[in-house]
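Scroll down for the structure; my scribbles are underneath it.
The values are calculated or read from the model by the stated rules, or taken from the named source; none is laboratory data. Quick caveat, the model's predicted, so the values are computed rather than measured. Reconstructed Cβ throughout: ideal geometry from the backbone, glycine too, with neighbour counts over all protein chains shown.
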Amino acid sequence: MILALDTSTAACTAALFDGSGMCIARREEVIGRGHSERLVPMIADLLEGRSAQRIIVGVGPGSFTGIRVGIAAAHGLAIGWNAGIAGMSSLALLAAAADSEVAVAVIGGHGELFVQEFSASGDAVTQIRNLVPAIAAATTQAQLVIGSGAQQLVAARGWGEAREAWPSATDALKLPESLRTLAPKPVYARAPDARAKEAA
């Protein structure tokens, strides 16, 4: 079995797939904060005593804390189960729900958005960018924009369809293999707010 999970946004999502790739159990909640308290009980409820041979975890970009919580949980389970582990693009996971050419826009910090465009087949056609909405507006071409920052991006562009959405682990196996076999480590796409002091 395969366990997929993502905690990169306000949503906490997990799904369990059987050997044929069919989703046999899922849990999804939009919780805002508190992933560290909610994720492990959610997974335990999902598994009902079962284990997985492979784990796919969302690696971002998105919430710094949320990403770390999900990856830490995935690594812990992988060790306990002696399971394989890989990362998946959290933006691609959002795009997978669209089944069309789409721009993904997720709210980041400091009034900026994480943006990336995907083809109808789910392949990334642009690099991940971290931009203020006005600049992001000039770099996206897809009519449909999905994600927590979709409304901001479409408003800045003045055209397009905005669809607020959250990643769903049930879409994990829709991702192109290259976007679900990433290294299981955070993709922050911007520098952390806390910085080490420079030496005098």
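Summary table
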| item | result |
| --- | --- |
| Filter result for ALA196 (farther than 17 Å from ALA86 by Cα, assigned to a loop (DSSP other than H, G, I, E, B) and either in contact with a strand residue (DSSP E or B) (Cβ under 7 Å, 6 or more places away or on another chain) or at pLDDT 95 or above (or both)) | no |
| Top-ranked residue in segment 130-145 [being without any contact (Cβ under 8 Å) to a residue 40 or more places away in the chain, surrounded by 15 or more Cβ atoms within 10 Å (Cβ to Cβ) and of a type outside the set (S, T, N, Q); ranked as farthest from GLY160 (Cα to Cα)] | LEU131 |
| Complete set of residues in segment 13-27 that are touching a strand residue (DSSP E or B) at 6+ places or on another chain (Cβ under 7 Å) and modelled with pLDDT under 95 | none |
| In segment 18-54, the residues that are in contact (Cβ under 8 Å) with a residue 40 or more places away in the chain, under 21 Å from ALA97 (Cα atoms) and out of contact with any Leu (no Cβ under 6 Å at 6 or more places or on another chain) | CYS23, ARG26, GLU28, VAL30 |
| Residue that is surrounded by the most Cβ atoms within 10 Å (Cβ to Cβ), among those in segment 1-22 that are more than 22 Å from GLY109 (Cα to Cα) and either touching a Lys or Arg at 6+ places or on another chain (Cβ under 6 Å) or among the small types (Gly, Ala, Ser) (or both) | ALA4 |
| Which listed residue, of ASP45, ASP99, is under 30 Å from ALA137 (Cβ atoms) and acidic (Asp, Glu) | ASP99 |
| Within segment 66-116, considering residues that are among the polar types (S, T, N, Q) and over 13 Å from the mean Cα position of the chain (by Cα), the one surrounded by the fewest Cβ atoms within 10 Å (Cβ to Cβ) | ASN82 |
